[in-house]
Amino acid sequence: MKTQRKQLIAWLFKITQHFYTKYFKKNEPWYIKKKHLLQFPKETFGYHLGTFLEKNGFDLIPKAERHDAYHVMTGYNTNEEDEIALQFLCFGNGKRSIYLFSVITIGSIILPEYWKYYIKSYRIGKNANAFYNLDYKRLLDTSISKLRSSIFINLNY
């Protein structure tokens with residue numbers, strides 16, 4: 001039963017992704033390929049973003065690049081419960097969007113057994129310095145460890 005619910009969440013993410021980026025996202029795409037990110041020095045955020053994409057078999061989604069940046073910054077995985085928890089973390093950090101509210105509402109209903117994890121993620125976001133609105137494209141050549149430590153001051157990232 002849990003597997004079916006996770007499959008439902010994965011399907012919902014898949015069908016809403018294109019619609020959301022096409023009709024709701026107003027920012028400009030980065031126009032950067034994974035191979036370019038992998039050419040950054042190994043200690044940089046850009047390189048870590050490239051390795052995250054490579055490891056997961058992804059490419060940057062135009063206009064939604066920041067989402068993958070959140071994964072790299074926080075260490076959250078791409079499984080369904082982590083995707084939902086990441087939205088809770090961003091909500092705690094101050095991010096507000098229709099998509100975020102939809103994910104945390106529907107995700108909480110479909111996968112309620114992760115509620116404690118979601119609340120923990122919310123608290124991490126609440127206690128972190130604001131990161132949801134950073135211009136990550138301009139931070140590609142920044143040290144990943146310095147970037148994380150400036151955001152998650154009281155946490156071990």
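The values are calculated or read from the model by the stated rules, or taken from the named source; none is laboratory data. The structure presented is a predicted model; accordingly, all values stated were derived computationally and were not measured. Positions of Cβ are generated from backbone atoms using ideal geometry, with glycine treated the same way; all protein chains shown enter the neighbour counts.
Can you tell which of Tyr136, Tyr118 is within 19 Å of Ala10 (Cβ to Cβ) and in contact with an Asp or Glu (Cβ under 9 Å, 6 or more places away or on another chain)?
Values: Tyr136 fails: within 19 Å of Ala10 (Cβ to Cβ).
On inspection, the qualifying residue turns out to be Tyr118.
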* Asked: Say we look at region 1-50 and pick out the residues that are under 18 Å from the mean Cα position of the chain (by Cα), within 19 Å of Asn79 (Cα to Cα) and β-branched (Val, Ile, Thr); which of these is surrounded by the fewest Cβ atoms within 10 Å (Cβ to Cβ)?
  -> Ile15
* Residue list for region 23-37, restricted to those being closer than 10 Å to Pro62 by Cβ and of a type in the set (Ser, Thr, Tyr) -> Tyr31
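Against the definition (within 16 Å of the chain's Cα centre (by Cα), within 18 Å of Phe152 (Cβ to Cβ) and modelled with pLDDT of 95 or more), how does Phe101 come out, yes or no? So that I can check it myself, show each step before the final result.
Details: within 16 Å of the chain's Cα centre (by Cα): yes; within 18 Å of Phe152 (Cβ to Cβ): no; modelled with pLDDT of 95 or more: yes.
Judged against the criteria, Phe101 is not a match.
Give, as residue ranges, the helices (runs of 4 or more DSSP H) completely inside region 90-156 that count at least 2 residues that are without any contact (Cβ under 8 Å) to a residue 40 or more places away in the chain and surrounded by fewer than 13 Cβ atoms within 10 Å (Cβ to Cβ).
Working: elements: 98-110, 115-127, 144-151.
In region 90-156, the matching helices (runs of 4 or more DSSP H) lie at 98-110, 115-127.
Within region 92-139, can you find the residues that are of a type in the set (S, T, N, Q) and under 16 Å from Arg66 (Cα atoms)?
Those that are of a type in the set (S, T, N, Q) and under 16 Å from Arg66 (Cα atoms): Asn93, Ser97, Asn133.
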